[in-house]
Amino acid sequence: MNELAASTNPSADPKSSGLAEASKPLLEPSPNALDLDSAPRLWALGRRFSLGSLLLGYPTESFGQELVGMRDVVNELLEGVPALDIELDLDDLRSEYVALFDRGAASVYESEYGSHKGLSKGNDLADVMGFYQAFGFALAECHEMPDHIAVELEFYAALLMKESFLTQAGDAEGVEIVRDAEAKFLTRHLGGFVTALASSPAVTQSAWFGPLLLEVARWVDGETRRLGVSAQERTRSEPEGESMECATPGLRVLES
């Protein structure tokens with residue numbers, strides 16, 4: 001993975017001395033000072049986005065096992081959204097996913113949203129891939145399209161975890177780079193996409209995906225407010241059926 005630039009630490013001006021300066025502090029807080037207490041919160045939020053990625057991908061055979069590995073985050077989600085605490089087995093989830101997304105009632109692909117889908121799809125996909133590659137990621141061998149909701153959520157989770165690590169390390173410059181990427185990715189891609197998908201009539205009628213996507217949209221909205229950005233509004237074009245040639249969305253780290 002590409003390493004981020006090292007941070008630079010502010011230091012006092014060696015020339016600032018004398019009686020006139022005696023009452024002033026020798027060091028002043030940097031305007032870019034890091035909130036070290038935010039590192040655990042960012043890591044927890046990253047795991048939450050990772051769970052959202054898992055729950056919004058097609059349920060594979062390893063689905064249940066992966067959920068067990070995130071039991072604490074799952075319990076937190078169920079406590080916050082009681083509507084999701086329902087009995088669904090793997091076959092139920094697969095049937096719901098196929099009926100809702102693969103048959104065209106709603107779309108889990110960002111490039112399906114926008115008034116000029118045919119003209120902008122290539123640009124959207126290229127821009128999304130540019131974000132992934134800039135942080136050392138490529139699509140896994142068995143993958144969905146790069147604009148699948150699960151892949152975008154997985155990438156944003158990685159950004160949050162990276163921001164947490166750099167914050168803990170005191171790397172202010174690295175944190176600034178990651179935050180800039182988060183803000184741009186939310187503005188140009190994930191923010192408007194999640195909002196449009198969560199408000200889709202077919203999604204709102206789903207007993208499972210409706211409450212889930214509303215909660216994910218709430219997380220995304222919180223991130224736009226944290227970073228002070230506004231997402232580009234998106235609306236879906238004419239529905240088209242989706243293909244499911246490979247049911248495991250995901251990213252892999254590029255070899256350096």
In whole angstrom, note down how far apart the Cα centers of region 58-119 and region 154-188 are.
25
Apply the Karplus parameterisation 6.51 cos²θ - 1.76 cosθ + 1.60, with θ equal to phi minus 60°, to every residue of region 199-204 and state each ³J(HN,Hα) to the nearest whole Hz, in sequence, with x for glycine and proline.
8, 4, x, 5, 5, 4
Dipole size in debye (nearest 20) for region 106-209 around its Cα centre, Lys and Arg Cβ +1, Asp and Glu Cβ -1?
280
Pull up all non-local amide H partners of F137: gap of 5 or more, or a different chain, and H-to-H distance under 5 Å with H placed in the peptide plane.
L254
Along its three principal axes, how long is region 156-202 when you only count alpha carbons? Whole Å, largest extent first please.
45, 15, 9
Whole-Hz couplings from phi, Karplus 6.51/-1.76/1.60, listed for region 43-54; x for Gly and Pro:
5, 5, 5, x, 5, 5, 5, 4, 5, x, 4, 4
Alpha carbons only, please: Rg and Dmax for region 79-183, in angstrom.
17.3, 48
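A short reminder: the numbers here are calculations on the coordinates, not readings from a lab. Model, not experiment: these values are computed from the prediction. Note that each Cβ is placed from the backbone with ideal geometry, even for glycine, and that neighbours are counted across all protein chains shown.
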